[in-house]
Amino acid sequence: MSLLRLKTLLVACFSLFALLSVTNSFANESTVAAEGQIANAEKKEGDFNVTETILEHIKDDHSWHLWGHTSIHLPVILKTSKGFEVFSSEKFVDEHHEPVVYKGNFDYKLIEGKTKIVDASGNLDAAASKQLWDLSITKNVASLFVSVFILLVVLLSSAAAYKKTGVKTAPKGLQSFMEPIILFVRDEVAIPNIGAKKSGKYMPFLLTIFFLILTNNFLGLIPFFPGGANVSGNIAFTMTLAVCVFIVVNLSANKSYWEHIFWMPGMHWSMKLFLAPIELIGVFTKPISLMIRLFANITAGHILVLSLICLIFIFKTVFASAIAVPFAVFIGLIELLVAFLQAFIFTMLAAMYIGMATEEHHHEAHEGAAHH
Amino acid sequence: MLLEINPLVLPDIGLVFWNTIAFLVLLIVLGKFAWKPILKAIHDRESGIEEALLKADKMKAEITAMQNENEALLAKAREERAILIKEAKEASEKMVAEAKDKAKAEYDRILADAQLAITQQKNAALIDVKNQVGSLVIEVAEKVLRKELSNKAEQEGYIKQLADGVKLN
């Protein structure tokens with residue numbers, strides 16, 4: 001048992017090393033994992049469930065782990081048929097971190113990390129749970145708020161810098177760091193896809209999406225407190241943004257866009273009938289692809305890094321970290337690239353969809369192209 | 001259901017709700033207080049730079065035009081100078097030629113005068129000589145007449161002698 005503790009400590013040290021060089025999701029991960037291992041070891045002597053550990057770190061949580069046994073218990077907000085209810089998530093667990101029933105308007109219990117209504121004997125009440133709206137400030141929501149706060153502070157202060165130094169002087173400090181990114185979004189994403197004239201209207205939307213995804217991607221790579229949550233790798237987050245893109249695209253779509261979907265010009269009528277449902281499906285697959293792409297990329301990155309660290313626990317030797325940690329660092333570096341790339345791709349595709357929806361078709365040119 | 005197989009692909013309504021609020025807040029606040037002033041500032045700066053460049057180009061064109069004008073003026077001045085020099089040269093040459101002509105004419109006149117004077121003096125001298133010859137003839141005739149009066153024979157011989165002498169002359 002003491003040998004196991006020593007190993008755990010060594011692993012934590014190794015992981016800390018990894019942390020110092022690259023932002024990866026590990027210090028708490030490995031310690032938590034180690035704790036999990038200890039718990040498991042107590043239960044089944046050395047049995048370590050990799051899938052469970054990894055999923056636990058990727059999933060949302062009601063508490064935000066800081067260090068050791070310290071974590072922030074985030075508020076739970078529930079809406080049931082009896083109205084709203086707010087209480088600390090601390091009440092969901094006992095001193096041994098085992099889930100317990102909380103008695104509010106209903107009896108609540110965490111089942112697989114989700115708040116559910118249970119009956120008197122502690123079993124899931126599926127029918128009542130369907131009436132439950134869980135609007136809790138979870139780890140992801142809190143992390144999202146942190147990213148919103150960071151964005152507001154950084155961008156409002158750089159906006160103030162323009163007012164202070166005037167237009168004619170070169171940007172300084174934070175402002176000079178943000179300006180190339182903003183220009184990048186404008187010159188490489190918005191203008192080539194939407195066109196210089198119309199892009200101005202969509203710039204705030206595209207910039208907000210880009211910076212929100214970028215910030216959350218980076219925060220997700222930081223393994224300890226303000227980061228550590230997997231916001232941009234959460235399907236709810238990507239779905240919300242994809243729905244926003246869907247709404248903006250379809251609200252800004254012009255007549256010719258709809259015409260091209262329902263009654264493709266320059267085609268035989270039978271072809272038109274055939275194409276209409278395909279094009280209509282395309283309207284929905286575009287945002288869905290946005291949603292899945294971002295979610296899958298970020299989640300995959302996190303799973304990769306976690307799997308590499310889990311190698312240490314699978315092999316049950318600290319020497320496995322000699323391979324696992326360099327690989328994790330390497331994947332971490334790639335994740336840095338992916339964090340930027342995915343924010344770029346999401347914004348790029350959103351801009352492209354907006355561009356397609358607002359494009360003015362020159363009919364002659366189109367008819368010519370249609371015959372090819 | 002397929003979606004319920006993996007909780008990872010099951011979106012939580014809580015996060016959707018908060019994310020929508022967060023995104024809208026960001027969009028509105030940043031749109032109004034960050035993106036708008038930043039994009040406007042960048043746009044203003046870009047148009048300022050563009051304007052300055054255009055102005056610089058215009059200035060450049062103006063300078064080139066001025067240079068061309070200067071060169072044209074210089075060329076014109078050079079041409080005028082050449083013409084002036086040429087004219088001056090011509091004038092001086094003309095003057096020199098005129099002076100030469102005048103001098104020649106004067107010389108010719110003086111020469112003519114001198115020749116005339118010489119001719120006159122020569123004529124005068126000739127007249128003088130003729131006069132003297134006349135008086136000599138008269139003198140000789142006088143002497144001959146006197147001799148005739150004294151001796152007839154001798155007179156005749158003398159006349160003959162004179163006559164011979166005149167013939168010799």
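No value in this document is a laboratory result; all are computed from the given coordinates. None of these values were measured; they are calculated from a predicted model. For neighbour counting, all protein chains shown are included, and Cβ atoms are generated from backbone atoms with ideal geometry for every residue, glycine included.
What spacing in nm lies between the two simple spin-label points modelled at A:His69 and A:Ala276, each 7 Å away from Cα in the Cβ direction?
About 6.8 nm separates the two model spin labels.
I need the peptides A:63-73, A:185-195 ranked by packing, meaning the mean over residues of other C-beta atoms within 10 angstrom, with the highest value on top.
In decreasing order of mean packing, A:63-73, A:185-195 become A:185-195, A:63-73.
Over the Cα atoms of the range A:75-136, compute the convex hull volume and normalise it per residue, giving Å³. Walk me through the numbers before you get to the answer.
Details: hull volume 4.8 nm³, N = 62.
In the range A:75-136, the Cα hull volume divided by residue count equals 77 Å³.
7 Å from Cα along Cα→Cβ at both A:Thr165 and B:Val166: what's the point-to-point distance in nm?
So the label points at A:Thr165 and B:Val166 sit 14.4 nm apart.
If you take the Cα Rg of the range A:140-361 and divide it by 2.2 N^0.38 Å, with N the number of residues, what do you get?
On the way: Rg = 21.1 Å, N = 222, 2.2 N^0.38 = 17.1 Å.
Scaled against compact globular proteins, the figure is 1.23.
Between A:Ser176 and A:Ala126, take the C-beta separation as r, use R0 = 56 Å, and let me know the FRET efficiency to the nearest 0.05.
Details: r = 56 Å, r/R0 = 1.00.
Step by step, r from the Cβ atoms, then E = 0.50.
Setting aside same-chain residues fewer than 8 positions from A:Lys116, which lysines have a Cα under 21 Å from its Cα?
Cross-link targets: A:Lys59, A:Lys79, A:Lys82, A:Lys91, A:Lys103, A:Lys130, A:Lys139.
In nm, to one decimal, how far is the modelled label at B:Glu50 from the one at A:Lys79, with both set 7 Å along Cα→Cβ?
Inter-label distance under the simple model: 4.8 nm.
Where in the range A:89-111 does the amide nitrogen come within less than 17 Å of the point 7 Å from the Cα of A:Phe145, taken along Cα to Cβ?
The answer is A:89-91, whose backbone nitrogens lie closer than 17 Å to the label point.
Under the Karplus relation 6.51 cos²θ - 1.76 cosθ + 1.60, θ = phi - 60°, what is the ordered set of whole-Hz ³J(HN,Hα) values for the range A:337-353, x standing for Gly and Pro?
5, 4, 4, 6, 4, 5, 4, 5, 5, 4, 5, 4, 5, 4, 5, 5, 5
When chain B is modelled as a GNM with alpha-carbon springs shorter than 10 Å, which of B:Lys100, B:Lys130, B:Lys152 fluctuates the most?
B:Lys152
Just how far, in whole angstrom, is the range B:90-169 from the range B:21-79 if you go by their alpha carbon centroids?
Computed from Cα coordinates, the inter-centre distance equals 110 Å.
Pull out the extension gain between B:Ala124 and B:Ala82, defined as 0.36 nm times the separation in residues minus the alpha carbon to alpha carbon distance; nm, one decimal.
Values: separation 42, 0.36 × 42 = 15.12 nm, distance 6.17 nm.
Answer, rounded to one decimal: 9.0 nm.
Other chains near A:294-302: what is the mean number of their Cβ atoms within 10 Å of each residue's Cβ? List each step's numbers first, then the result.
Numbers: counts 0, 3, 2, 0, 0, 2, 0, 0, 0.
So the per-residue partner count for this stretch is 1.
Name the long-range amide H neighbours of A:Ser88: under 5 Å, sequence gap of 5 or more, or other chain; modelled H, no Pro or chain starts.
The answer is A:Val76.
Report the Cα-based extents of the protein assembly as shown along its three principal axes, largest first, to the nearest Å.
Principal-axis extents of the Cα atoms in the protein assembly as shown, largest first: 222, 70, 46 Å.
Under the definition of partner shielding as Cβ atoms of other protein chains within 10 Å of a residue Cβ, what is the mean value for peptide A:138-148?
Values: counts 4, 1, 5, 8, 1, 0, 6, 4, 0, 2, 9.
So the per-residue partner count for this stretch is 4.
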